[in-house]
Amino acid sequence: HAPIVTGGPAAGFLLQALAAASDALEPLWPGGGPGGDPDPLPGAWVAATLGQPLVAFGFHRLSGDRATANLLLGGAAVLAPAAARLPEEGRLLAARAVAFLAAGSVLTLSVLTANGPGALGGLLLVAGNLLPAPAPGARHDGHPWVLAAGNLALGRALRAQQLGVD
């Protein structure tokens with residue numbers, strides 16, 4: 001039984017899981033699916049703009065880099081509501097920028113601290129956000145299976161990082 005790392009990354013992982021489930025189940029909701037009104041804020045957008053920065057926050061916080069941790073979290077908290085008012089293309093651009101910033105900061109920190117699982121997770125998140133969505137006509141970017149693998153690696157890396165701190 002691994003201890004919970006901190007509330008931020010735990011909330012980030014939970015938010016990403018709920019967002020993925022929401023997107024997967026969207027065709028089953030009333031009005032969802034190909035003929036219904038599109039969701040103005042798909043779960044993938046929420047996961048990228050809020051969930052991934054919460055996970056990156058935990059990496060930086062545990063490494064002692066509180067300034068970067070707070071900058072990532074504060075930036076995401078300010079950007080998400082502002083970007084929610086943008087047209088769909090603007091929201092996708094904002095989500096992509098936040099996802100790359102969060103994944104890139106995790107990758108950089110992991111390389112500098114020789115955290116192999118963290119580097120793998122950061123690399124998978126960068127790659128998962130670069131790959132196009134597997135379904136043609138999807139309203140979001142990113143490959144969900146690669147992003148899921150990246151999050152699994154990040155969960156392991158955070159546990160290892162915490163054990164090194166405790």
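Taking the condition of being within 22 Å of Trp45 (Cα to Cα) and surrounded by fewer than 20 Cβ atoms within 10 Å (Cβ to Cβ), how many residues in segment 95-121 meet it?
The first filter runs over segment 95-121 and keeps only residues within 22 Å of Trp45 (Cα to Cα), leaving 95-107, 121.
If we keep only those that are surrounded by fewer than 20 Cβ atoms within 10 Å (Cβ to Cβ) too, we end up with 96-97, 100-101, 104.
Count: 5.
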Worksheet item: Out of curiosity, is Gly128 in a helix (DSSP H, G or I), under 16 Å from Ala148 (Cα atoms) and not β-branched (Val, Ile, Thr)?
Response: yes
| task | For segment 77-91, state whether one or more residues are in contact (Cβ under 8 Å) with a residue 40 or more places away in the chain, part of a helix (DSSP H, G or I) and touching a Ser or Thr at 6+ places or on another chain (Cβ under 9 Å). | result | yes
*For Pro27, are the conditions met, namely being surrounded by fewer than 16 Cβ atoms within 10 Å (Cβ to Cβ), at pLDDT below 85 and over 16 Å from the mean Cα position of the chain (by Cα)?*
yes
Exercise for review: For segment 114-121, state whether one or more residues are outside any helix (DSSP H, G or I) and either without any contact (Cβ under 8 Å) to a residue 12 or more places away in the chain or β-branched (Val, Ile, Thr) (or both).
Suggested key: yes
Expected single match for in contact with a His (Cβ under 7 Å, 6 or more places away or on another chain) and under 16 Å from Gly155 (Cα atoms) among Leu131, Leu123, Leu109 is Leu109
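Just wondering, is there one or more residues in segment 96-109 that are closer than 18 Å to Pro53 by Cβ, part of a helix (DSSP H, G or I) and either at pLDDT below 85 or touching a strand residue (DSSP E or B) at 6+ places or on another chain (Cβ under 8 Å) (or both)?
Pass one, segment 96-109, residues closer than 18 Å to Pro53 by Cβ: 96-109.
Adding the requirement that they be part of a helix (DSSP H, G or I) leaves 96-109.
Still in the list and also either at pLDDT below 85 or touching a strand residue (DSSP E or B) at 6+ places or on another chain (Cβ under 8 Å) (or both): 96.
Yes; the residues of segment 96-109 include at least one that is closer than 18 Å to Pro53 by Cβ, part of a helix (DSSP H, G or I) and either at pLDDT below 85 or touching a strand residue (DSSP E or B) at 6+ places or on another chain (Cβ under 8 Å) (or both).
The values are calculated or read from the model by the stated rules, or taken from the named source; none is laboratory data. Treat the numbers as computed from the prediction; the structure is a model and nothing was measured. Reconstructed Cβ throughout: ideal geometry from the backbone, glycine too, with neighbour counts over all protein chains shown.
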